[in-house]
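These notes concern the structure reproduced below.
The values are calculated or read from the model by the stated rules, or taken from the named source; none is laboratory data. Note that the structure is a prediction, hence the values are computed from the model and not measured. Note that each Cβ is placed from the backbone with ideal geometry, even for glycine, and that neighbours are counted across all protein chains shown. Keep in mind that these areas ignore ligands, DNA and RNA; they rest on the heavy atoms of the full protein, side chains included. Shrake-Rupley method; radii C 1.70, N 1.55, O 1.52, S 1.80 Å.
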Amino acid sequence: INAEYMGSRFYTMEKFFIFLPLFVFQCVHVVHEGHIGVYTRGGALIPSITNPGLHFKLPFLTQVHEVQVTLQTDKVTNIPCGTSGGVVIEFDKIEVVNRLKKDLAYQTIKNYSINYDKTWIFDKIHHEINQFCSGRTLQEVYITKFDELDENLQAALQNGCNQWAPGIEIIAVRVTKPRIPEQLGANYENMEAEKTRFLLARETQRVNEKQAETERILARIQAETQSEIAKLEMEREILVKEGMKKLQEIENEIQKVKKEAESEVLAYRNEKEAEINALKLSAEFIESQMLEQLRNVPKSLYTKNVTSLLGELKGRHSS
C-alpha cells in the first residue's frame, strides 16, 4: 500500500512539475515596445490595455493581442478598377502610412475589432480607387490626373476615419503606376517618346534663345562699357584741353603783363632820352661843348677871330 501511495504521489508531483512551466507560460506575457496589450476573455473585449513590458493574465481564459501604436505601413496589392471608357487596369501596390492613436485605441478596436485597418484602409482603398477610376478616362488616370491620386486617397481615407474612426491617423499614401493592357501601354510609350522628343526640342530651343539673349546682353554690356569708356576718354580730353586753355590764358596774361611792363619801361626810357636830348639841344649845352672842343685846339693855331670868339664864349659861360 505504501509503495502504491508513494508511486501515485510521485506521479502527481511529476505531472505538477510538468504542467507548472506551461501554467506559468500561460500566465506571463510580454508587450513589446511600440505596441499596447489588448485582452479578450471568452471572445469579449476587456476594457483595459497595457503598456510595453511584462504582464500577467489568466491562463487559458484570457487572450492577449499586441496592437501597434507607432507608424506602420499597410500594403494593399492587386487593386483592379475600370475607367469611364471601360478599360480595366490594375494597381499592383498602394502603401498607406498610418498610426493608431493610443488614447483612442480601445474605442477603435471595440468598434472595428483588432483588424480595424481592414475596414478603414484595405477595403476603403479598393472603394476609393474604383471611385477615382470610374469617373475618369484612361488618359486622366494614367497620365494627367495620376499625380493627384495619392492626395485624393489620403484625403478620402482621413475624412472617413475622422467621421467614423477618429483613432486612425493617415500619414501618407504612396501609389504605384497602374498596369494597363500591353497595346495601350505601347501607345503610351510611343506617346511619351514623342513627348520627350518634343520637350527636348523645346528645351533646346529655349537654351538657344537663352544663349542668344545672353549674347545680346553681353553685347549690350560691352557696347555700354565701350560707350562709357569713350565718354570718360572724351571728358578726360576735354579736361586736358580746358587745362591747357587755362594755362595758355595764364601764359598770355603773363606775356601781356610783361609786354605792358616793357612798354612802360620803354616809354619811360624814351621820355628820359627825350629829356636828355632836349637838354643836349639847348644853347648853353652847345656852347659848353664848343668851348670844350676849342680848349683842346693848340694855341698856336688860334687866329684873331678864334681868340676873340673864345674870349666871348668864356665871358658868356662865366656869366
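From 169, 140, which residue is out of contact with any Asp or Glu (no Cβ under 6 Å at 6 or more places or on another chain) and either polar (S, T, N, Q) or within 26 Å of residue 108 (Cβ to Cβ) (or both)? Before you say what the answer is, go through the steps one by one.
Values: 140 fails: either polar (S, T, N, Q) or within 26 Å of residue 108 (Cβ to Cβ) (or both).
Just one listed residue meets the conditions, 169.
Answer yes or no: is there a residue in the range 60-78 that is open to solvent by 20 Å² or more (accessible area, probe 1.4 Å), assigned to a loop (DSSP other than H, G, I, E, B) and out of contact with any strand residue (DSSP E or B) (no Cβ under 8 Å at 6 or more places or on another chain). Don't jump to the end; show me each part of the working.
Step one: of the range 60-78, the residues open to solvent by 20 Å² or more (accessible area, probe 1.4 Å) are 60-61, 63-66, 68-73, 75, 77-78.
Subset that is assigned to a loop (DSSP other than H, G, I, E, B): 60-61, 69-71.
Filter once more, so that each one left must be out of contact with any strand residue (DSSP E or B) (no Cβ under 8 Å at 6 or more places or on another chain): 60.
Yes, the range 60-78 contains a residue that is open to solvent by 20 Å² or more (accessible area, probe 1.4 Å), assigned to a loop (DSSP other than H, G, I, E, B) and out of contact with any strand residue (DSSP E or B) (no Cβ under 8 Å at 6 or more places or on another chain).
Assuming residue 231 fulfils every condition listed in (1) open to solvent by 100 Å² or more (accessible area, probe 1.4 Å); (2) within 34 Å of the chain's Cα centre (by Cα) apart from one, which condition is it?
Status for residue 231: all satisfied but (2).
Go through the residues of the range 195-216 one by one and say whether even a single one is closer than 27 Å to residue 73 by Cβ, of a type in the set (A, V, I, L, M, F, W, C), in a helix (DSSP H, G or I) and modelled with pLDDT of 85 or more.
First pass over the range 195-216, keeping only residues closer than 27 Å to residue 73 by Cβ: none.
No.
Please go through the range 136-151 and pick out each residue that is of a type outside the set (Lys, Arg) and under 32 Å from the mean Cα position of the chain (by Cα). If you could, list the steps in order and put the result at the bottom.
Here is the first cut: in the range 136-151, the residues of a type outside the set (Lys, Arg) are 137-144, 146-151.
Answer for the range 136-151, where residues must be of a type outside the set (Lys, Arg) and under 32 Å from the mean Cα position of the chain (by Cα): 143, 144, 146, 147, 148, 149, 150, 151.
Just to be sure I understand the filter: pairs with C-beta atoms under 9 Å, separated by 6 or more residues or on different chains, first member in the range 84-108 and closer than 19 Å to residue 52 by Cα, second member assigned to a strand (DSSP E or B) and open to solvent by 60 Å² or more (accessible area, probe 1.4 Å). Which pairs pass?
Within 9 Å, the pairs are 99/171; 102/49; 105/49; 106/47; 106/49.
Any idea which residue in the range 30-49 is farthest from residue 166 (Cα to Cα), counting only those that are open to solvent by less than 30 Å² (accessible area, probe 1.4 Å) and free of Cβ contacts under 8 Å to residues at least 40 places away in the same chain? So that I can check it myself, show each step before the final result.
Our first condition is that a residue be open to solvent by less than 30 Å² (accessible area, probe 1.4 Å); within the range 30-49, this holds for 31, 34, 36-40.
Filter once more, keeping what is free of Cβ contacts under 8 Å to residues at least 40 places away in the same chain: 31, 34, 37, 39-40.
Details: 31: 24, 34: 20, 37: 20, 39: 21, 40: 22 Å.
Among residues in the range 30-49 that are open to solvent by less than 30 Å² (accessible area, probe 1.4 Å) and free of Cβ contacts under 8 Å to residues at least 40 places away in the same chain, the one farthest from residue 166 (Cα to Cα) is 31.
Return yes or no: is residue 139 assigned to a helix (DSSP H, G or I), open to solvent by 60 Å² or more (accessible area, probe 1.4 Å), over 20 Å from residue 159 (Cα atoms) and free of Cβ contacts under 8 Å to residues at least 40 places away in the same chain?
Numbers: assigned to a helix (DSSP H, G or I): yes; open to solvent by 60 Å² or more (accessible area, probe 1.4 Å): yes; over 20 Å from residue 159 (Cα atoms): yes; free of Cβ contacts under 8 Å to residues at least 40 places away in the same chain: yes.
Yes.
Select from the range 79-99 the residues that are farther than 22 Å from residue 140 by Cβ and either aliphatic (A, V, I, L, M) or in a loop (DSSP other than H, G, I, E, B) (or both) and list them in ascending order.
96, 97
Determine which single condition residue 120 fails, assuming it passes every other condition in (1) assigned to a helix (DSSP H, G or I); (2) open to solvent by less than 10 Å² (accessible area, probe 1.4 Å); (3) farther than 30 Å from residue 181 by Cβ.
Among (1) assigned to a helix (DSSP H, G or I); (2) open to solvent by less than 10 Å² (accessible area, probe 1.4 Å); (3) farther than 30 Å from residue 181 by Cβ, the lone unmet condition for residue 120 is (2).
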